[in-house]
1. In nm, what is the difference between 0.36 nm times the number of residues separating residue 171 and residue 115 and their Cα-Cα distance?
2. Given a Förster distance of 41 Å, report the FRET efficiency between residue 164 and residue 195 from their Cβ-Cβ distance, rounded to the nearest 0.05.
3. Helix 100-120 versus the longest principal axis of the chain: what angle, 0 to 90°, nearest 10, using Cα atoms?
4. Considering amide H positions built from the backbone, and no H for Pro or chain starts, which residues 5 or more places from residue 129, or on another chain, come under 5 Å of its amide H?
5. Please work out the C-alpha center-to-center distance from region 54-101 to region 137-176 and express it in whole Å.
6. So how strong a dipole does the chain carry about its Cα centre when Lys and Arg Cβ are +1 and Asp and Glu Cβ are -1, to the nearest 20 debye?
7. What are the ³J(HN,Hα) values, in whole Hz, obtained from phi via the Karplus relation 6.51 cos²θ - 1.76 cosθ + 1.60 with θ = phi - 60°, for each residue of region 45-51 in sequence order, with x given for Gly and Pro?
8. Please compute the length gained on full extension between residue 73 and residue 211, using 0.36 nm multiplied by the number of residues separating them and subtracting their Cα-Cα distance.
Amino acid sequence: MKQRTLVTQRLYFGLDPLRLREASGRVLARVVGLPPERANVSAADLRRDLGLDTEIGRAVVDEMVAEGLLRPREGASGQFRLTERFAELASARVVEPLTRERARVIVGRACDLARTINAEWSRNPLVVDAIAPHGEYLAHAPILESLPLCVVVGLRPASRRARFRMQPKPSGARDIRAAYRELSSFLDIGLATTIRDVPSPHAVVFHVASEPSV
C-alpha cells in the first residue's frame, strides 16, 4: 500500500485533511482483525466516524463509493467494504501544499537529473529521452497537491554503453524511477517509451534532441 499525501488548505470529501485522516482511522479500526466476510462497515457507522449528519454523510459516502474508496456489499444494503484506497487515508501524510515556484524548481532538477543519467550512467541500458510534466502542473494553480511527471526513456546508444556488466532493462528502469522519486515526495513519476504515451495535456520541458551534443 502506497502512502497517500494530503495537503493543508484543501478539503477532501468536505473535510480538512487532519480530520479526514483521524476519522478514517476510526473507520478502519472497526474491521481490523475481522475475517473478510465480516469486514464491513455500515453507512451509519461511516457517518458517525466522519462526524457528519445524515444528509451530508449520505452524499460523502456516495462520493467515496464513486471514487473507489468504498465498495457496496452485494445483498447487504447500507453495508460497505473498505478498499485499499480508503486505508491509505488513515496513514496519509499531511503536508503544506507545493507552491508553483517550488514545483518549477523541482522540474528544473528533473531535467538536470536527466542530463546526469544520460552522461554518467553508462551501465544503465536506458537514457532519458524526454521529461514531461502533465496534469495538475499545467492547470497554473498557485498551489499543487502533487507534481505528475512522465520520464520518457529509450535505449542508450551502443557507443555510450559501458563495456562490461550492463544492467538488465527492468533494473535500469527501476533505478531511474527511484532516482526521480528521491527528488521530491510530491513527484508522481511515470515511465513511458514514447511521448505519445504521456497523458495529455502535457508539456515537454526536456528533450534529448534539443540538448547540445557532447
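1. Working: separation 56, 0.36 × 56 = 20.16 nm, distance 1.92 nm.
Here the segment from residue 171 to residue 115 would lengthen by 18.2 nm.
2. Values: r = 32 Å, r/R0 = 0.79.
Rounded to the nearest 0.05, the efficiency is 0.80.
3. That helix lies at roughly 40 degrees to the long axis.
4. 152, 153, 154
5. 32 Å
6. Working: 32 positive and 25 negative charges, 193 e Å.
Taking the Cα centre of the chain as origin, the dipole is about 920 debye.
7. 3J(HN,Hα) across region 45-51, in whole Hz: 5, 4, 4, 5, 5, 7, x.
8. Working it through step by step, the gained length comes to 44.2 nm.
Computed from the coordinates by the stated procedures, all read-outs in this text should not be read as laboratory data. Here the structure is a predicted model, which means the values were calculated and not measured. Every residue, glycine among them, receives a Cβ derived from its backbone with ideal geometry; neighbour counts consider all protein chains shown.
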